[in-house]
Amino acid sequence: MGERGYGQILAEAFARAIPWALVFSVTVVFTAKLLVVMIAPEIKKGIEYGANSVINATVNKALGDDLFPRIKQNTKEAIEYAAVRMNGTLGKPSAKGK
């Protein structure tokens, strides 16, 4: 028997490694798919919980003691201002009619 060169040894090792790489790749893909199927409902529940929490916190903040009274006061002042401005112009003839 003759001596084998480095190239031949490397080629044999590579030929042995290809089937193992395929086996491990299939195993990783199968395991990842199984994990995603198992975890997907929990992720969905987590996203729904986060959205509901944000909505509840926003509503509580908007209707709380701080923001809602300000909005109410500003709206009242805007209506009063509009009424005063319209009251001054309602009885006068417009400039377009001349």
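The values are calculated or read from the model by the stated rules, or taken from the named source; none is laboratory data. Keep in mind it's a predicted model, so treat the numbers as computed, not measured. Here Cβ is always computed from backbone atoms with ideal geometry, including for glycine, and neighbour counts include all displayed protein chains. Calculation scope for accessible area: heavy atoms of the full protein, side chains included, ligands and nucleic acids excluded. Shrake-Rupley method; radii C 1.70, N 1.55, O 1.52, S 1.80 Å.
Below are the figures for this structure:
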| item | result |
| --- | --- |
| All positions within the stretch 38-53 that are among the hydrophobic types (A, V, I, L, M, F, W, C) and open to solvent by 90 Å² or more (accessible area, probe 1.4 Å) | Met38, Ile43, Ile47 |
| Residues that are in a helix (DSSP H, G or I) and surrounded by fewer than 10 Cβ atoms within 10 Å (Cβ to Cβ), drawn from the stretch 61-73 | Arg70 |
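Conditions (1) modelled with pLDDT under 80; (2) β-branched (Val, Ile, Thr); (3) under 21 Å from the mean Cα position of the chain (by Cα), marked per residue:
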{"residue": "Val29", "(1), (2), (3)": "no, yes, no"}
{"residue": "Lys45", "(1), (2), (3)": "no, no, yes"}
{"residue": "Glu48", "(1), (2), (3)": "no, no, yes"}
{"residue": "Phe68", "(1), (2), (3)": "yes, no, no"}
{"residue": "Asn74", "(1), (2), (3)": "no, no, no"}
{"residue": "Val84", "(1), (2), (3)": "no, yes, no"}
{"residue": "Gly88", "(1), (2), (3)": "yes, no, no"}
{"residue": "Lys92", "(1), (2), (3)": "yes, no, no"}
